[in-house]
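So the structure is just underneath, and the comments pick up after that.
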Amino acid sequence: MARQVSGDQGYVLPEGAQRVIGRDAMRVNLAIGYAVANIIKTTLGPKGMDKMMVSDLGDIVITNDGATILEEMNVDHPAAKLMVEIAKTQDKEVGDGTTTSVVIAGNLLKKANDMLDQNIHPTTIIKGYELAAKKAETVLDALSEKVTSEDLEILRKIATISMSSKGIGTDDEKRKIAELVVSAIKQVAEKKDGKNVVDQDLIKIEKKAGGEVMDTTLINGVLVDKEIVHSGMAKSIKDAKIALLDAALEIEKTETDAKIEITSPDQMEAFLKQEEKMLREMVDKVKKTGANVVFCQKGIDDLAQHYLSKEGIAAVRRVKKSDMEKLARATGAKIASSLEDLASTDLGHAGHVEERKIAGEAMVFVEKCKDPKSVTLFVRGGTDHVVSEVERAVVDARGAVSSALEEGKYVVGGGSVDMELSKELMSYAMEIGGREQLAIQAFAEALETIPRVLAENAGMDPIDTLVSLKTKHKNADGKNYGVDVHAGKTSDMKALGVLEPTKVKRQAIASATETARLILRIDDIISSRGKSGGMPPGGMPPGMGGDME
């Protein structure tokens, strides 16, 4: 039965509607936000564990990538869905740091719950959190150091650290992939108004199971997952002149049903000859431009394939639109919308175009392009699961290096920047005073969760680690101390080369604060007029209990 809204004013909601009011609504939401953070926190850092996600159909995903886990996870409660949103935003905006943002958000919610128990109003908590986030951003800028596209060693370290949490193999493999990612980003980065701009879509990531992680390569051009259409065509073309066509090399069918009456064999022959002639003319137009390789976004008729083959032109058909755009950026070609528009000036150039068999499938490599503005990272690995995890690691590294280059700033990782921010916020809380100072202190403690979880995941004592770090950070020369998970102690993380982009950290703090604010402002959960049956009973799905540590 619907619960009463207030006093004896009757029932507003229909029979069987769900409603959770006031403090109960907040408690449920905060508990579930923290529960999501708890699920994901064991994946943080190089010593983090993996999660195996199994779908109803039995498909398996093994990963410790925060964004992937939350995306694959079947969450039912609305508050849990808000936590998933943070990871998606973080992933879209900077491509890395998803676990960090969710863990910080979860702990901000847990601390808020404790403060609500002390009768501190949600508005006061929100105000304190906002002050803390603003101060954290200022401190973060002060702690940042500059990086440019020439600082290749720093960029490689940023890429390596970004990938270190993925269990993708040895340090040598990570180092090699980091170098490839940095080279790829440097190749496609462009200067606009004195700033580096990186369009990450121009770095295509193509994966194929087989070989090993060390076989991953950077192609200075584009890898197209298609085959050359005709067996008579050359499979390897040096000094390729490439035409890109967004038109079909076949006779177009009429839009409406058309009836053609043929009453004699001569007419039939003339009809077929006319078709042949039209296809022949199409191929002649391509030949006239001087092209020896054609990439076509649409179909190529069997007869047209035969003529192209006779003219010594290799062709690939039904190429994806995104691949066509990348080919244009890589080879300098212009995409022609019709054969009439195709001119020799529209052709692109590549040092080598070749069809190769990879793991039993033919793929066309367009490589050795001169100064390409689109490149391909060809990812290999022993099994499908390995190659998928390597791909996720490459995506993270691509995001981290792009973020570092675009903003031109980086900070020291390994929990050291979080400890320094926490220390500064504790001092700031004393300056502010009032009830807000409790929220600012809570924010500082939530940031300490990062080094704490890093230590837990590495099998270290989290309390000893935090005490040691706090002692170090009291001195100016100890500001770079963080959790050295490999040695199982606290160390100078800058000396160890543990670096991460400022943008990733800033976005993580901003996303976490926004979500905490959003959830803290909710004081009523009402089932709405959706198509399905509304909210789970009791406002909480099974298995998502509100246990707070």
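Summed over region 459-497, the residues that are closer than 22 Å to Thr42 by Cα, of a type in the set (A, V, I, L, M) and part of a helix (DSSP H, G or I) give a count of 4.
Only one entry in Lys176, Lys134, Lys192, Lys157 is over 26 Å from Ile450 (Cα atoms) and modelled with pLDDT of 85 or more, namely Lys176.
Filtered by the rule that a residue be more than 14 Å from Lys134 (Cβ to Cβ) and of a type in the set (D, E, K, R), region 428-460 gives Arg435, Glu445, Glu448, Arg452, Glu456. For region 228-250, a tally of residues being crowded, with 17+ Cβ neighbours inside 10 Å and not hydrophobic (A, V, I, L, M, F, W, C) returns 3.
Within region 57-75, residues that are part of a helix (DSSP H, G or I) reach partners that are among the charged types (D, E, K, R) with beta carbons closer than 7 Å, at six or more positions or on different chains, in the pairs Ala67/Lys88; Ala67/Asp91; Thr68/Arg392; Ile69/Lys51.
Looking across Thr100, Thr148, one residue alone is β-branched (Val, Ile, Thr) and surrounded by fewer than 20 Cβ atoms within 10 Å (Cβ to Cβ). It is Thr148. One residue alone among Leu499, Leu425 is out of contact with any strand residue (DSSP E or B) (no Cβ under 8 Å at 6 or more places or on another chain) and under 22 Å from Gln90 (Cβ atoms), and that residue is Leu425. Considering only region 380-394, I want to know if a residue exists there that is part of a strand (DSSP E or B), basic (Lys, Arg), touching a residue at least 24 places away in the same chain (Cβ under 8 Å) and farther than 30 Å from Val467 by Cβ. Checked region 380-394: at least one residue is part of a strand (DSSP E or B), basic (Lys, Arg), touching a residue at least 24 places away in the same chain (Cβ under 8 Å) and farther than 30 Å from Val467 by Cβ.
Here Asp215 fulfils each of the conditions (1) outside the structural domain of Gly351 (by TED's automatic domain parsing); (2) in contact with a strand residue (DSSP E or B) (Cβ under 6 Å, 6 or more places away or on another chain); (3) of a type outside the set (Phe, Trp, Tyr); (4) surrounded by 17 or more Cβ atoms within 10 Å (Cβ to Cβ) apart from (4).
Residues that are assigned by TED's automatic domain parsing to the domain that holds Met282 and either at positive phi or among the basic types (Lys, Arg) (or both) number at least 1 in the following strands (runs of 3 or more DSSP E) confined to region 309-376: 348-358.
How about region 161-183: which of its residues are among the charged types (D, E, K, R), more than 12 Å from Ala397 (Cα to Cα) and touching an Asp or Glu at 6+ places or on another chain (Cβ under 9 Å)? Matches in region 161-183: Glu173 only.
Within region 362-374, can one find any residue that is buried (at least 23 other Cβ atoms within 10 Å of the Cβ) and within 22 Å of the chain's Cα centre (by Cα)? Within region 362-374, one or more residues are buried (at least 23 other Cβ atoms within 10 Å of the Cβ) and within 22 Å of the chain's Cα centre (by Cα).
One line per residue, one yes/no per condition, for (1) at pLDDT 75 or above; (2) not in a helix (DSSP H, G or I):
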{"position": "Val5", "(1), (2)": "no, yes"}
{"position": "Gln9", "(1), (2)": "no, yes"}
{"position": "Met26", "(1), (2)": "yes, no"}
{"position": "Asn29", "(1), (2)": "yes, no"}
{"position": "Tyr34", "(1), (2)": "yes, no"}
{"position": "Lys41", "(1), (2)": "yes, no"}
{"position": "Gly45", "(1), (2)": "yes, yes"}
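Applying a threshold of 9 Å to beta carbon distances and a minimum spacing of six or more residues, or different chains, the list of pairs starting in region 287-311 at a residue that is closer than 16 Å to Leu342 by Cα and ending at one that is in a strand (DSSP E or B) and of a type in the set (D, E, K, R) reads Thr289/Lys241; Gly290/Lys241; Ala291/Lys241; Asn292/Asp239; Asn292/Lys241; Val293/Lys241.
So for region 89-98 (the condition being over 24 Å from Val498 (Cα atoms), under 17 Å from the mean Cα position of the chain (by Cα) and among the β-branched types (Val, Ile, Thr)), does at least one residue qualify?
Within region 89-98, the first condition is being over 24 Å from Val498 (Cα atoms), and the residues that meet it are 89.
Filter once more, so that each one left must be under 17 Å from the mean Cα position of the chain (by Cα): 89.
Still in the running and among the β-branched types (Val, Ile, Thr): 89.
Taking every residue of region 89-98 in turn, at least one turns out to be over 24 Å from Val498 (Cα atoms), under 17 Å from the mean Cα position of the chain (by Cα) and among the β-branched types (Val, Ile, Thr).
The listed residues are Lys470, Lys489, and the only one of them that is touching a residue at least 40 places away in the same chain (Cβ under 8 Å) and surrounded by fewer than 19 Cβ atoms within 10 Å (Cβ to Cβ) turns out to be Lys470.
Considering only region 404-437, state which residues are of a type in the set (Asp, Glu) and free of Cβ contacts under 8 Å to residues at least 24 places away in the same chain.
The first filter runs over region 404-437 and keeps only residues of a type in the set (Asp, Glu), leaving 406-407, 418, 420, 424, 431, 436.
The one that is of a type in the set (Asp, Glu) and free of Cβ contacts under 8 Å to residues at least 24 places away in the same chain: Glu431.
Only one of the listed residues (Gly534, Gly543) is over 30 Å from the mean Cα position of the chain (by Cα) and either in a helix (DSSP H, G or I) or modelled with pLDDT under 90 (or both). That residue is Gly534.
Residues that are closer than 25 Å to Ala350 by Cβ, part of a strand (DSSP E or B) and not β-branched (Val, Ile, Thr) occur in region 292-308; there is at least one.
The values are calculated or read from the model by the stated rules, or taken from the named source; none is laboratory data. Since this is a predicted model, take the numbers as computed values, not measurements. For neighbour counting, all protein chains shown are included, and Cβ atoms are generated from backbone atoms with ideal geometry for every residue, glycine included.
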